[in-house]
1. So, in region 1-11, how many residues would count as being of a type in the set (A, V, I, L, M, F, W, C) and free of Cβ contacts under 8 Å to residues at least 24 places away in the same chain?
2. Of the conditions (1) farther than 29 Å from Tyr5 by Cβ; (2) part of a loop (DSSP other than H, G, I, E, B), Phe55 clears all except one; give me its number.
3. Given the structure, is Ser61 surrounded by fewer than 19 Cβ atoms within 10 Å (Cβ to Cβ) and without any contact (Cβ under 8 Å) to a residue 24 or more places away in the chain?
4. Against the condition touching a residue at least 40 places away in the same chain (Cβ under 8 Å), surrounded by fewer than 17 Cβ atoms within 10 Å (Cβ to Cβ) and either out of contact with any helix residue (DSSP H, G or I) (no Cβ under 9 Å at 6 or more places or on another chain) or under 16 Å from Ala22 (Cα atoms) (or both), how does Ile80 come out, does it pass?
5. Here is a check on your reading of the model: is Asp73 closer than 25 Å to His118 by Cα, surrounded by 15 or more Cβ atoms within 10 Å (Cβ to Cβ) and touching a Phe, Trp or Tyr at 6+ places or on another chain (Cβ under 8 Å)?
6. Kindly indicate whether any position in region 79-100 is within 10 Å of the chain's Cα centre (by Cα) and either among the aromatic types (Phe, Trp, Tyr) or assigned to a loop (DSSP other than H, G, I, E, B) (or both).
7. Out of region 13-36, which residues are without any contact (Cβ under 8 Å) to a residue 12 or more places away in the chain and either over 14 Å from Lys85 (Cβ atoms) or touching a Gly at 6+ places or on another chain (Cβ under 9 Å) (or both)?
8. Suppose the filter is more than 18 Å from Ser8 (Cβ to Cβ), at pLDDT 95 or above and touching a Phe, Trp or Tyr at 6+ places or on another chain (Cβ under 7 Å); does Ala88 pass it?
Amino acid sequence: MMILYILSIVGIALLSVTAIDALGAIASRKFRFNYGYFAILSFITYFFTGYYLSFVTSPNSVLLLCGMVGIFDGTIGFKIAKKLKPYAGKVNYDEIKHDYSIVLIIFFLAIIVGALGHAIA
């Protein structure tokens, strides 16, 4: 039963970051505002993922699962956004070389923000 809660929380988090990346890219292009502003929504997702996971799993698992959501956001989410051509001011997403340093940064940010959510719970 506990595993079902964990999978539900992580599944909702993955759907959330996917929606943020896709809808954010479309909205930023359509309304001409910087796509980077949607990062705060991803941080909120990481926070609440850590918060809700803290009730059903160990602290180490919370950090690992938040990090996995961050990896998903940094890889798949980035590719989704790039295909949808978001508006990012002077930054051209077609010219951004997606290397793994970006993924590592998002991974650690997701862990830190998820740990804050866990600490608040």
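1. 4
2. (1)
3. Values: surrounded by fewer than 19 Cβ atoms within 10 Å (Cβ to Cβ): yes; without any contact (Cβ under 8 Å) to a residue 24 or more places away in the chain: no.
The answer is no for Ser61.
4. no
5. Criteria not met by Asp73.
6. There is no residue in region 79-100 that is within 10 Å of the chain's Cα centre (by Cα) and either among the aromatic types (Phe, Trp, Tyr) or assigned to a loop (DSSP other than H, G, I, E, B) (or both).
7. Leu15, Ala19
8. No: the conditions fail for Ala88.
The values are calculated or read from the model by the stated rules, or taken from the named source; none is laboratory data. What you see is a predicted model, and the numbers here were worked out from it, not measured in a lab. Quick reminder, even Gly has a Cβ in these numbers, built from the backbone with ideal geometry, and neighbours come from all protein chains shown.
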